[in-house]
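K.L.:
Just dropping this structure here.
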Amino acid sequence: MTKYVYDFAEGNKDLKDLLGGKGANLAEMTNIGLPVPPGFTITTEACRAYLVDGAEPDGLRAEVADHLARLEAGIGRRLGDPADPLLVSVRSGAKFSMPGMMETVLNVGLNDESVHGLAAQSGSERFAWDSYRRLIQMFGKIVLGIDPERFDDALEDKKRARGSDSDLDLTTDDFRTLVTAYKKIVRDATGRDFPQDPAEQMSQAVRAVFDSWNAERAILYRRQERIPADLGTAVNIVAMVFGNLGMDSGTGVAFTRDPASGAQGIYGDYLQNAQGEDVVAGIRNTVPLQQLAEIDRASYDQLLEIMATLERHYRDLCDIEFTIERGKLWMLQTRVGKRTAAAAYVIANQLVDEGMIDLDEAVRRVNGAQLAQLMFPRFDTEAKKERIARGMNASPGAAVGKVVFDSYTAVKWSRSGEKVILVRRETNPDDLNGMIAAEGILTSRGGKTSHAAVVARGMGKTCVCGAEELDVDTKGRRLTTRDGLVVEEGDVLSIDGSNGMVYRGEVPVVSSPVVEYFEGRQETTAVESDVLVKAVHRIMTRADEVRCLGVRANADTPEDAARARRFGAQGVGLCRTEHMFLGDRRQHVERLILADTETERESALAALLPLQREDFVGIFTAMNGLPVTVRLLDPPLHEFLPDITELSVRVALAEARGDANENDLRLLQAVHKLHEQNPMLGLRGVRLGLVIPGLFTMQVRAIAEAAAQCRAAGGNPHAEIMIPLVGTVQELEIIRAEAEEVLAEVSRESGADLHCLIGTMIELPRAALTAGQIAGAAEFFSFGTNDLTQTVWGFSRDDVEAAFFSAYLEKGIFGVSPFETLDTDGVGRLVRLATEEGRAARPELKVGVCGEHGGDPDSVHFFHQVGLDYVSCSPFRVPVARLEAGRAALQSSDSDTR
Ligand code: PEP
Ligand code: MG
């Protein structure tokens, strides 16, 4: 028969699947001899059976009764005994801690009779009645789903009647009458009496835990985090210990190191004469844990010893909850604790120094998202700040600017050189331009999946959302804080997207020491003395040693290429050439488009050639000795022509005045001719090269001549020529033949051997599906996962992100945007297939990726698994990709040896 219930002594920390996180850790602490109140765990398997059948599985009740009897025998008290009752708590605990799951119900086992027994047992009537009212309150709210405010209001009334704001001033009689009032609330709300039978209380609470698995918030969270819906939760039944038995009792939380900085020391809060959630609920002020040393030295010393034991045992920072009952310390919970990004690096490094973990484990313990956070500029911690509100930290960074309340003003002011913060109640797709123009976005409503949050993160723009303390009056162009402070349009605010803080005025911004380090601007001694930078350096060095993936950068200018190189890039994986055709050069592109004769076209191309050559010389020089993949022109040509509406108006006005300009007329004709309904799917990429004679060959010549020039100057350029948006091998064959001819010509002219790899982007499903054929004409593939995601999903990114992605995220259709993290099931499947078939056709084929996913941690792990040669990402993401490539290599070597 299936075993559904485990005593704490029967489990261990590796049984999280079966016992949930809390149950597994309670078992572990029991087994290493720490003082844990006795109890047992009902397994996730029982929950799964309950959820499938709608009823408790056969045998569960008997098994629970059996374990309860053992618990009673061990303690020498029976649940609900009128003379000397055992009380228990009922706690949910799934494998992953999830919002929305049931909160803890304490004091189960109290009723109108056993409350007297508890009074006798504890010697305190006040305590007994306080415990009873707490049970009805928690049970009512958590198990029966009664609005908690009804209980809170009754309690507040009592306090007010006493003229006090502390529950410590309430008397036995107050609690006794509160019990009566609470029971009435239960009856009024549910039509039933509060259950007096302790076994019934327990089984209702257990069922409520099972049911909470399907609470709305829990379902949404699982969908977003891709946690399987059928794991179920465990239930922990634990003998009660009491922190509210007087001033020699209390309850607290602690961390074994500082979760903010990672510093070693004692961090926590303690509250005397309190129970359960009182510490975090803020009903009274807690004291720093150190003060426990004065309150109860013996318990304090024992607690420190236990914390050291837990750290050694878990080999990591732990967070704990404990209770002291009349001078006896009890451990109620522990787990490996959450920490800030900086603390994660510092702690991993300390643990290596302390010999608790090896360096590979340190690399596994940190991640690229944390590294990215450490690279954002931030507010000077030394600076004086006036905080006016706090919202959610939706998108990291530190932004300072003048407050504006609509997009139009944001755009207008930013055009005139002002830095602005766009403040809205919520944003919607109409705010997009304002969001682009602003330094940061602040909203008073909406959570981390609101439109503002999603779009800001996508843009990498600082955002604080849901700052509910702020009353935003967009019509009146002002916001008001809770304290009545009014901020008018044009006043300056500073917002911190890393912690959600909103400050009045300008807070000075400093660049991150981690970026200074990557830039090589820190002296070696500074690297040694800054604990964070030292930790980052050590972990990055190891990640570089173990990674298999190369890391390149997407860079279009010599400056970007140079920075990428300082950040550790091993080449340029994508040099987009389109912006080399903007600015002053637009006139040549216009001439090219308008050319009627071969001579006119050649003259436009001839004007562009030396300019392009110079561009490439700069980038090849910055990346001397390393490969530079230059992509030939990709976007549709109308992007280089004037806007159709603007031009139409100009021509119409000129015609009305009778002085129409011949060139404008021709231009307008061309703009109309080139206008596309769906430019993303139109005349772009390789298609341009095939229909605009001379365009691609001019670019290839510029690349070849630049390489020859660098070579002649003693350099070592490695150009690679990349053709975008290929759908069929025939396209590539034609362009390839032309390019080879140009390369041969320039080789002859310059006397240098200018062999360049010629390859293609794979960014259309057809290209991926026919990769075997395409590899016949390509020496390398680079997955353009931006376009591949658009074309596989049938999404136009510019349209869909603002229009409905926030709705998709809210509904849990995506946990994360497929433009941020690769959709491995769909897009990734094509990446794998194309890599395999490409390499089957050409074993030496080099394969990389240059879409934005190249710098996304989860996607990097996938590319490692597929066995790509490199990822390429924006210069700023290069360190993130290096780290994650290292972590991916360690993870796969773990699974090989398993
Ligand atoms: C891509 O499509 O992934 C890519 C890198 O090209 P672009 O983003 O320039 O279209
Ligand atoms: Mg593309």
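The values are calculated or read from the model by the stated rules, or taken from the named source; none is laboratory data. This one's a predicted model, so the numbers in the text were calculated from it and none came from an experiment. A quick note on method: Cβ atoms are made from the backbone with ideal geometry, for glycine too, and the neighbour counts reach across all protein chains shown. With ligands, DNA and RNA removed, areas are computed over all heavy atoms of the protein, side chains included. Shrake-Rupley method; radii C 1.70, N 1.55, O 1.52, S 1.80 Å.
K.L.:
Report, to one decimal in Å, the Kirkwood hydrodynamic radius for segment 352-403 based on all distinct Cα pairs. Could you put the intermediate results ahead of the total?
P.N.:
Details: mean 1/r = 0.0685 Å⁻¹.
After inverting the pairwise mean of 1/r, the radius is 14.6 Å.
K.L.:
Still on this structure, please answer the following. If the reach is capped at under 13 angstrom between alpha carbons, list the aspartates and glutamates near K13, excluding any in the same chain fewer than eight residues apart.
P.N.:
E28
K.L.:
Could you tell me which residue out of L231, A702, Q669 lies farthest along the dipole of the chain toward its positive end? Charges go on the beta carbon: Lys and Arg +1, Asp and Glu -1, centred on the Cα centre.
P.N.:
Of the listed residues, the answer is L231.
K.L.:
Please pull out the direction-averaged projected area of segment 525-630, using the convex hull of its alpha-carbon atoms, in nm² to one decimal place. Walk me through the numbers on the way to the answer.
P.N.:
Details: hull surface 36.9 nm².
Mean orientational projected area (segment 525-630, Cα hull): 9.2 nm².
K.L.:
Could you give the Stokes-Einstein D for segment 476-552 in µm² per second, using the C-alpha Kirkwood radius, 25 °C, 0.890 mPa s?
P.N.:
Numbers: Rh = 16.4 Å.
Translational D for this selection: 150 µm²/s.
K.L.:
Could you give the nm distance between label points at E733 and E836, where each point is 7 Å from its Cα heading toward the beta carbon?
P.N.:
Here the modelled spin labels are 2.7 nm apart.
K.L.:
If one computes P(r) from the Cα atoms of segment 57-186, what percent of pairs lie at distances over 17 Å? Write down the numbers at each step before the final one.
P.N.:
Details: 5411 of 8385 pairs.
Here the tail beyond 17 Å accounts for 65 percent of pairs.
K.L.:
What does the convex hull of the alpha-carbon atoms of segment 117-257 project to on average, in nm²?
P.N.:
Result: 11.7 nm².
K.L.:
Let me ask something else. Checking a compactness column here: for segment 156-198, what do you get for Rg(Cα) / (2.2 N^0.38 Å), N being the number of residues? Numbers along the way, then the final one.
P.N.:
Values: Rg = 12.5 Å, N = 43, 2.2 N^0.38 = 9.2 Å.
So the Cα radius of gyration is 1.36 times the expected 2.2 N^0.38 Å.
K.L.:
List every residue whose amide H lies under 5 Å from the amide H of S512, counting only residues 5 or more places away in sequence or on a different chain, with H placed 1.01 Å from N in the peptide plane.
P.N.:
Excluding prolines and chain starts, which carry no amide H, the hits are R378.
K.L.:
Over all alpha-carbon pairs in segment 376-510, figure out the percentage whose distance exceeds 23 Å. Please report the intermediate quantities before stating the final value.
P.N.:
Numbers: 1783 of 9045 pairs.
Value for segment 376-510: 20 percent of Cα pairs lie more than 23 Å apart.
K.L.:
So, one more: Please list 3J(HN,Hα) in residue order for segment 80-90, calculated via the Karplus relation 6.51 cos²θ - 1.76 cosθ + 1.60 where θ = phi - 60°; whole Hz, with x for glycine and proline.
P.N.:
Using θ = phi - 60°, the values come out as x, 3, x, 8, 8, x, 8, 10, 10, 10, 10 Hz.
K.L.:
State the percent of C-alpha pairs, over all pairs in segment 572-698, separated by a distance greater than 20 angstrom. Walk me through the numbers before you get to the answer.
P.N.:
Details: 4054 of 8001 pairs.
For segment 572-698, the fraction of Cα-Cα distances above 20 Å is 51 percent.
K.L.:
Additional query: I'd like the accessible area for S97: 1.4 Å probe, protein heavy atoms, all chains in place, Å² to the nearest 10.
P.N.:
70
K.L.:
Per the Debye formula with a single identical scatterer at each Cα and no solvent contribution, what log10 I(q)/I(0) holds for the chain at q = 0.06 Å⁻¹?
P.N.:
The computed values of log10 I(q)/I(0) come out as -0.54.
K.L.:
Please list, ordered by chain and number, the residues whose modelled amide H lies under 5 Å from the amide H of S498; skip anything fewer than 5 residues away on the same chain.
P.N.:
For S498, whose amide H was placed from the backbone, the distant partners under 5 Å are G397.
K.L.:
With every protein chain left in place, what is the accessible area per residue of segment 250-336 in square angstrom, probe 1.4 Å?
P.N.:
Details: 3690 Å² over 87 residues.
On a per-residue basis, 42 Å².
K.L.:
Let me ask something additional. What is the P(r) of segment 306-378, as percent of Cα-Cα pairs per 5 Å bin from 0?
P.N.:
For segment 306-378, the pair-distance distribution reads 3, 14, 21, 20, 14, 11, 8, 5, 2, 1.
K.L.:
Using +1 at the Cβ of each Lys and Arg and -1 at the Cβ of each Asp and Glu in the chain, identify which of I441, V88, V860 lies farthest towards the dipole's positive end.
P.N.:
So the residue furthest toward the plus end is V88.
K.L.:
Further question on the same structure: Are any of the pairs K183/K328; K412/K475; K22/K183; K158/K183; K16/K811 more than 22 Å apart by Cα-Cα distance, and if so, which?
P.N.:
Values: K183/K328 33 Å; K412/K475 17 Å; K22/K183 31 Å; K158/K183 15 Å; K16/K811 28 Å.
Going by Cα-Cα distance, K183/K328; K22/K183; K16/K811 fall outside the 22 Å limit.
K.L.:
Determine the order of D66, D58 by accessible area, beginning with the largest, at a probe radius of 1.4 Å.
P.N.:
Most to least solvent-accessible, the answer reads D58, D66.
K.L.:
Could you report the accessible area of I813 in Å², rounded to 10, computed with a 1.4 Å probe on the protein chains as they sit in the structure?
P.N.:
Here the residue's solvent-accessible area equals roughly 90 Å².
K.L.:
So how far apart, in nm, are the two label points at T474 and R223 if each is 7 Å from Cα heading toward Cβ?
P.N.:
2.6
K.L.:
If the only charges are +1 at each Lys and Arg Cβ and -1 at each Asp and Glu Cβ, what is the size of the charge dipole of segment 5-239 around the Cα centre, to the nearest 20 debye?
P.N.:
Numbers: 29 positive and 38 negative charges, 85 e Å.
With Lys and Arg at +1 and Asp and Glu at -1, about 400 debye.
K.L.:
What three numbers, in Å, describe the spread of the alpha carbons of segment 748-898 along their principal axes, ordered from the longest?
P.N.:
60, 42, 31
K.L.:
Kindly provide the helix-only [θ] at 222 nm of the chain, computed as the sum of -39,500 (n - 2.57) over DSSP H runs of four or more divided by all residues, to the nearest 500 deg cm²/dmol? List each step's numbers first, then the result.
P.N.:
Values: 36 runs with 423 residues, N = 898.
Roughly -14500 deg cm²/dmol at 222 nm, from the helical runs in the chain.
K.L.:
With θ set to phi - 60° and the Karplus curve 6.51 cos²θ - 1.76 cosθ + 1.60, what are the ³J(HN,Hα) couplings of segment 830-845 in order, to the nearest whole Hz, using x for Gly and Pro?
P.N.:
These are the phi-based 3J(HN,Hα) values: 5, 4, 5, 4, 5, 5, 5, 6, x, 6, 5, 7, 9, x, 8, 3 Hz.
K.L.:
Hey, another quick one. Averaged per residue, what accessible area in Å² does segment 5-239 show with a 1.4 Å probe, protein chains only? Before the final figure, lay out the partial values.
P.N.:
Values: 9940 Å² over 235 residues.
Per-residue value: 42 Å².
K.L.:
Another question, then. For K419, give me every one of the lysines with a C-alpha distance below 17 angstrom, ignoring sequence neighbours fewer than eight places off in its own chain.
P.N.:
K402, K461
K.L.:
At q = 0.16, 0.17, 0.23, 0.29 Å⁻¹, what base-10 log of I(q)/I(0) does the Debye formula yield for segment 460-514 when every alpha carbon is treated as an equal point scatterer in vacuo?
P.N.:
Values returned for q = 0.16, 0.17, 0.23, 0.29 Å⁻¹ are -0.56, -0.62, -1.04, -1.39.
K.L.:
Another question, if that's okay. So for Y408, Y4, what's the accessible-area order with a 1.4 Å probe, most first? Can you show the working numbers first?
P.N.:
On the way: Y408 160, Y4 30 Å².
Accessible-area ranking of Y408, Y4, largest first: Y408, Y4.
K.L.:
Can you give the Kirkwood hydrodynamic radius for segment 535-580, in Å, rounded to one decimal and based on Cα pairs?
P.N.:
Working: mean 1/r = 0.0853 Å⁻¹.
Mean inverse Cα-Cα distance, inverted, gives 11.7 Å.
K.L.:
Using heavy-atom solvent-accessible surface (probe 1.4 Å) with all chains present, what is the largest-first order of D798, D197?
P.N.:
Details: D798 130, D197 85 Å².
Highest to lowest solvent-accessible surface, that is D798, D197.
K.L.:
With viscosity set to 0.890 mPa s and temperature to 25 °C, compute the Stokes-Einstein D of segment 422-476, Rh being the Kirkwood radius across alpha carbon pairs; µm²/s, no decimals.
P.N.:
On the way: Rh = 10.9 Å.
The diffusion coefficient I find is 226 µm²/s.
K.L.:
Per-residue accessible area for R424 at 1.4 Å probe radius, Å² rounded to 10?
P.N.:
Result for R424: roughly 50 Å² accessible.
K.L.:
Moving on. How far is it, in nm, from the label point at I32 to the one at R192 when both lie 7 Å from their Cα along the line to the Cβ?
P.N.:
Label at I32, label at R192, 4.2 nm between them.
K.L.:
Could you give the size of the charge dipole of the chain about its Cα centre, using +1 on the Cβ of each K and R and -1 on the Cβ of each D and E, expressed in debye and rounded to the nearest 20? Please report the intermediate quantities before stating the final value.
P.N.:
On the way: 100 positive and 134 negative charges, 93 e Å.
Using only the charged Cβ atoms, the result is roughly 440 debye.
K.L.:
Another question about this same structure. On alpha carbon coordinates alone, what is the Rg over Rh value for segment 250-336, Rh being the Kirkwood radius? Each step should come with its number before you reach the end.
P.N.:
Working: Rg = 12.1 Å, Rh = 12.9 Å.
Ratio of gyration radius to Kirkwood radius for segment 250-336: 0.94.
K.L.:
Which percent of the accessible area of the chain is formed by carbon and sulfur heavy atoms (probe 1.4 angstrom)? Working shown, then result.
P.N.:
Values: 18160 of 38040 Å².
Result for the chain: 48 percent of the exposed heavy-atom area is carbon or sulfur.
K.L.:
Per 5 Å bin, what percent of the C-alpha pairs of segment 636-769 does each bin hold, from zero upward?
P.N.:
2, 9, 15, 15, 12, 12, 11, 9, 7, 5, 2, 1, 0
K.L.:
Non-local amide H neighbours of K419 (under 5 Å, H modeled in plane, Pro and chain starts lacking H): which ones?
P.N.:
Residues meeting the criterion, in which the H sits 1.01 Å from N, are K402.
K.L.:
Sticking with this one: In square angstrom, what is the accessible area per residue of segment 737-788 with a 1.4 angstrom probe? Please list the in-between numbers first.
P.N.:
Working: 1860 Å² over 52 residues.
Dividing the accessible area of segment 737-788 by its residue count gives 36 Å².
K.L.:
Which ³J(HN,Hα) values, rounded to whole Hz and listed in residue order, are derived for segment 323-332 from phi using the Karplus coefficients 6.51, -1.76 and 1.60 in 6.51 cos²θ - 1.76 cosθ + 1.60 with θ = phi - 60°, glycine and proline given as x?
P.N.:
These are the phi-based 3J(HN,Hα) values: 9, 10, 10, 6, x, 10, 8, 10, 9, 9 Hz.
K.L.:
Let me ask something else about it. Give the whole-number value, in cubic angstrom per residue, of the convex hull volume spanned by the C-alpha atoms of segment 280-413.
P.N.:
Details: hull volume 26.5 nm³, N = 134.
Residue-normalised Cα hull volume stands at 197 Å³.
K.L.:
Report, please, the projected area of segment 5-239 averaged over directions, based on the convex hull of its C-alpha atoms, in nm².
P.N.:
Numbers: hull surface 53.6 nm².
Average projection, Cα convex hull of segment 5-239: 13.4 nm².
K.L.:
In addition: Scattering from the C-alpha atoms of segment 66-137 alone, worked out with Debye: what is log10 I(q)/I(0) at q = 0.22 1/Å?
P.N.:
With no solvent term, the Cα-only Debye profile gives -0.92.
K.L.:
Helix 644-657 versus the longest principal axis of the chain: what is the Cα-based angle in degrees, 0 to 90, to the nearest 10?
P.N.:
Helix 644-657 sits at roughly 50 degrees to that axis.
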